[in-house]
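Beneath this line is the structure, given in structure tokens, with notes to follow.
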Amino acid sequence: MKVIGFAGSTSQKSINKALVAFTLNKVEKTDASMTTELLDLNDYELPLFSVDREDEGFPENVQRFLNKIQSADALVVSMAEHNGAYSAAAKNLIDWCSRKELGFFKEIPLLLMATSPGGYGGGNVLELAKKRFPKFKADIVATYKLPSFEDNFDREKGIIQSEEETVHQRAVVKLIDQLR
């Protein structure tokens, strides 16, 4: 079984990408039969979506991204929160993908996450994605938000607060159980 993850951020220091990488590592440690792959949105750069550009044809990176995520048995996604919503890069990618294929998530089991430096842990963008992703045929089997990233996460060790680690591990197990 293959689990693919990505963060809704293009930042080289993305805290959401760090959370996805940690989660994919947890997936492999929890079930050795799982293989994982971490995608970087920078590898799928796209022009700003518009119907005029769509009329010119879909950029190759749209299909490359769709092929990659649709090859997965499960997905791990952590959305970056910019002013209470998706990052511009994530929104643009979703716009292009949904115009190419409305149900692009293909009901693939998905662990949806968010984190932020603040105490709400990206809760606004997580709620937004929980409402919108099912429109694109996302099968959200679990959610997780990590508040106060710098206080609760170490880039070497991962989640360092034990209660948060327990909640996170439950979400990982829910995703894996969905695949069994």
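The values are calculated or read from the model by the stated rules, or taken from the named source; none is laboratory data. A quick note: this is a predicted structure, and the numbers were derived from the prediction, not measured. Cβ coordinates were reconstructed from backbone atoms using ideal geometry, including for glycine residues, and neighbour counts include every protein chain displayed.
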Open item on the list: Within the range 152-171, take every residue that is farther than 18 Å from Ala114 by Cβ and either among the acidic types (Asp, Glu) or crowded, with 16+ Cβ neighbours inside 10 Å (or both) and give me the one that is modelled with the highest pLDDT.
Closed with: Asp154
Task: Matching residues in the range 1-50 - criterion: being loosely packed, with under 13 Cβ neighbours inside 10 Å, in contact (Cβ under 8 Å) with a residue 24 or more places away in the chain and of a type in the set (A, V, I, L, M) - done: Leu48
TODO: Could you tell me whether the range 101-109 includes any residue that is at pLDDT 95 or above and part of a helix (DSSP H, G or I)?
DONE: no
Task: Residue that is surrounded by the most Cβ atoms within 10 Å (Cβ to Cβ), among those in the range 70-111 that are touching a Gly at 6+ places or on another chain (Cβ under 8 Å) and of a type in the set (Ser, Thr, Tyr) - done: Ser78
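Assess whether Ala89 counts as being under 14 Å from Asn16 (Cα atoms) and part of a helix (DSSP H, G or I). So that I can check it myself, show each step before the final result.
Details: under 14 Å from Asn16 (Cα atoms): yes; part of a helix (DSSP H, G or I): yes.
Yes.
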Task: Subset of the range 25-70 that is acidic (Asp, Glu) and within 18 Å of the chain's Cα centre (by Cα) - its residue that is nearest to Ser11 (Cα to Cα) - done: Asp40
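Considering only the range 112-123, state which residues are of a type outside the set (Gly, Ala, Ser) and either crowded, with 20+ Cβ neighbours inside 10 Å or at positive phi (or both).
First pass over the range 112-123, keeping only residues of a type outside the set (Gly, Ala, Ser): 112-113, 115, 117, 120.
Result: Leu112, Met113, Thr115.
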Task: Selection within the range 66-86 - in contact with a helix residue (DSSP H, G or I) (Cβ under 7 Å, 6 or more places away or on another chain) and assigned to a helix (DSSP H, G or I) - done: Leu66
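Residues checked against (1) among the hydrophobic types (A, V, I, L, M, F, W, C); (2) part of a helix (DSSP H, G or I):
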position	(1), (2)
Ile4	yes, no
Phe22	yes, yes
Val27	yes, yes
Asn42	no, yes
Leu48	yes, no
Asp52	no, yes
Asp55	no, yes
Asn61	no, yes
Arg64	no, yes
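Residue by residue, here is whether (1) hydrophobic (A, V, I, L, M, F, W, C); (2) farther than 18 Å from Ser9 by Cα holds:
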| position | (1), (2) |
| --- | --- |
| Trp96 | yes, no |
| Lys106 | no, yes |
| Gly118 | no, no |
| Lys130 | no, no |
| Asp139 | no, yes |
| Lys145 | no, no |
| Glu150 | no, no |
| Lys174 | no, yes |
